[in-house]
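Notes follow the structure.
The values are calculated or read from the model by the stated rules, or taken from the named source; none is laboratory data. Not measured: the values here are computed from a predicted model. Cβ sites come from the backbone with ideal geometry, for glycine too, and all protein chains shown count toward neighbours.
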């Protein structure tokens, strides 16, 4: 009897080893990420000396935004999902939120691999599970090592006034454009509001001088000024490049001297960047980090 039990235990161990070995070779990112010690039941705010406040689960594991999710949908597929598992809290309620968070800012989408994924201000939320010895392990509590990864992953902050979207430019004419404003396919990394609405500059403006908006704001619905006095930006951007300029009594945010605008025909549609072809390509470029300072 003891011999049969020993043989059974040995056989089970061999099967387990084969399964683990097969999983470890199934992705460049390693195996399916190991689960957190216990299932998170809420969302809270953590604090970093360099990053300020950012979203965490209720066990202090950092939550992240992905710039490629410009349209508000999970675009982290395949091996990416092993490195950046989609985050969800089933049946999230206000009672599950930490101080300073509002239930109205949260929603859900379908994760790329199926199931439900929590969103914040329209951005799908992820955790980070970096590989260690061929196995993806959940990032430790209180750590934000995923911030800035690839220039497109950032901690989910509650107070961003600038975010970065990485998306194809599609003009009002329905044509695809590159960052050089010629027809073509390719993503451009550009600035958005906290909720993913595209920000533009106007080529006729000069340093901190808005030359588009009329004194009575009668054309403000065409290209609304981005009128915020707060400056909270992703860690890859320099806060010192941003400032406010006064436009007939309102504070318009500018970048390297270029006043920032939204486009009325984008409305509240995330990932929309129609102004890139209006009235012709290049007059209203999307705001980007590498732009030359306004003259």
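Within the bounds of segment 55-63, is there any residue that is within 30 Å of residue 161 (Cβ to Cβ), at pLDDT below 95 and touching a strand residue (DSSP E or B) at 6+ places or on another chain (Cβ under 8 Å)? Yes. Screening residue 230 with (1) closer than 24 Å to residue 68 by Cα; (2) out of contact with any strand residue (DSSP E or B) (no Cβ under 8 Å at 6 or more places or on another chain) gives one miss only, at (1). Filter segment 45-92 for residues that are within 28 Å of residue 231 (Cβ to Cβ) and over 18 Å from the mean Cα position of the chain (by Cα) and give the result. Residues satisfying the conditions are 47, 48, 49, 50, 60. Assessment of segment 246-254 against the conditions (under 24 Å from the mean Cα position of the chain (by Cα), part of a loop (DSSP other than H, G, I, E, B) and at negative phi) yields no matching residue. Somewhere in segment 217-225, is a residue surrounded by 15 or more Cβ atoms within 10 Å (Cβ to Cβ) and not in a loop (DSSP other than H, G, I, E, B)? Yes, segment 217-225 contains a residue that is surrounded by 15 or more Cβ atoms within 10 Å (Cβ to Cβ) and not in a loop (DSSP other than H, G, I, E, B). Consider segment 81-94 and keep the residues that are out of contact with any helix residue (DSSP H, G or I) (no Cβ under 9 Å at 6 or more places or on another chain) and surrounded by fewer than 20 Cβ atoms within 10 Å (Cβ to Cβ). The one that is nearest to residue 108 (Cα to Cα) is 88. Scanning segment 155-205 for residues that are more than 21 Å from residue 233 (Cα to Cα) and touching a helix residue (DSSP H, G or I) at 6+ places or on another chain (Cβ under 8 Å) gives 169, 170, 171, 172, 173, 175, 177, 181.
In this structure, does residue 271 turn out to be over 30 Å from residue 49 (Cβ atoms) and surrounded by fewer than 19 Cβ atoms within 10 Å (Cβ to Cβ)?
Spelling it out, it is not the case that residue 271 is over 30 Å from residue 49 (Cβ atoms) and surrounded by fewer than 19 Cβ atoms within 10 Å (Cβ to Cβ).
Restricting 114, 142, 107 to those that are touching a residue at least 12 places away in the same chain (Cβ under 8 Å), surrounded by fewer than 17 Cβ atoms within 10 Å (Cβ to Cβ), in a loop (DSSP other than H, G, I, E, B) and not assigned by TED's automatic domain parsing to the domain that holds residue 227 reduces the list to 142. As for segment 186-194, it holds at least one residue that is surrounded by 13 or more Cβ atoms within 10 Å (Cβ to Cβ), modelled with pLDDT of 95 or more and part of a loop (DSSP other than H, G, I, E, B). Among the residues that make up segment 88-103, is at least one of them closer than 25 Å to residue 168 by Cβ and outside any helix (DSSP H, G or I)? Among the residues of segment 88-103, not one is closer than 25 Å to residue 168 by Cβ and outside any helix (DSSP H, G or I), which makes the answer no. Here residue 132 fulfils each of the conditions (1) over 22 Å from residue 272 (Cβ atoms); (2) modelled with pLDDT of 95 or more apart from (2).
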